[in-house]
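K.L.:
The structure under discussion is supplied below as structure tokens; questions concerning it will follow.
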């Protein structure tokens, strides 16, 4: 991620953009499962765990979501 301080514009690297997309997709899955709160909470817990353990690769996150 880079910030152009002269314009305060933020630019993201391709992997960072993919990670944002995967997080958005994850939120959609959670909403679809809203009738099943336990599944949604389990998925959210997995995402938080991945983030806290330093996983920041979009492919790893997407793989985890698909397996879930």
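Coordinate-derived values only; no laboratory data. Model, not experiment: these values are computed from the prediction. No Cβ is skipped: glycine too gets one built from the backbone with ideal geometry, and neighbour counts run over all protein chains shown.
K.L.:
Using the count of nearby Cβ atoms within 10 Å as a rough guide to exposure, how do 28, 43, 20 rank from fewest to most?
P.N.:
Numbers: 28 9, 43 18, 20 12.
Least crowded to most crowded, the residues run 28, 20, 43.
K.L.:
For each of 47, 65, count neighbouring Cβ atoms within 10 Å of the residue's Cβ, then give the residues from fewest to most.
P.N.:
Numbers: 47 20, 65 17.
Going from least to most buried by this count: 65, 47.
K.L.:
Given 0.36 nm per residue, what is the gain on full extension from residue 40 to residue 53 after removing their alpha carbon distance, in nm?
P.N.:
2.7 nm
K.L.:
When the convex hull of the C-alpha atoms of the stretch 13-67 is computed, what volume per residue in Å³ does it have?
P.N.:
Taking the convex hull of the Cα positions in the stretch 13-67, it is 62 Å³ per residue.
K.L.:
Then there is this: Expressed in nm to one decimal, what extension gain is obtained for the pair residue 11 and residue 24 from 0.36 nm per residue of sequence separation less their Cα-Cα distance?
P.N.:
Values: separation 13, 0.36 × 13 = 4.68 nm, distance 1.82 nm.
Extra length available between residue 11 and residue 24 comes to 2.9 nm.
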